Amino acid sequence: AIRIGNPASWRQARAAIDQSKGIVDLVSDEEIVDAQIWLAQHEGIFVEPASAAAIAGLFKCCGAKDAAYSFKKIPEGSRIVCTVTGHGLKDPDALTGRMGEITPVAAKEEQVLRALGL
């Protein structure tokens, strides 16, 4: 994740990956923040960067030629699980430079709908 340079439980994580026949790949800080923003915009889920890393890896497998594992290799009907547990307010500074202007809106349905363009 963006703020962690050396995972504390790497051996346990490696054992879990091996036992579950899972995969590991690298994602950049930029890919993590992009996934964090995508989750907020498209799913309404605001997660911390560490949680967004799983989604960044999923996106990378979907389209990148340099991914460690391609979805072309995953059998039809397989289940993919990405755990996203940490709330985005745990590390809001990760998005500081990527957010547009925040417009305050009164807590009234009509004004919220107008601000959303609905």
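Scanning residues 5 or more positions from G86 or on other chains, those with amide H under 5 Å from its amide H are E48, S51, with H placed 1.01 Å from N in the peptide plane. If the chain linking I23 and R98 were pulled fully straight, counting 0.36 nm for each residue of separation and taking away their Cα-Cα distance, it would gain 24.1 nm.
When I17, I32 are sorted by how many other C-beta atoms sit within 10 angstrom of their C-beta, beginning with the fewest, the order is I17, I32.
Coordinate-derived values only; no laboratory data. Remember, it's a predicted structure, so these values are computed and weren't measured experimentally. Glycine gets a Cβ as well: all are built from the backbone with ideal geometry, and neighbour counts include every protein chain shown.
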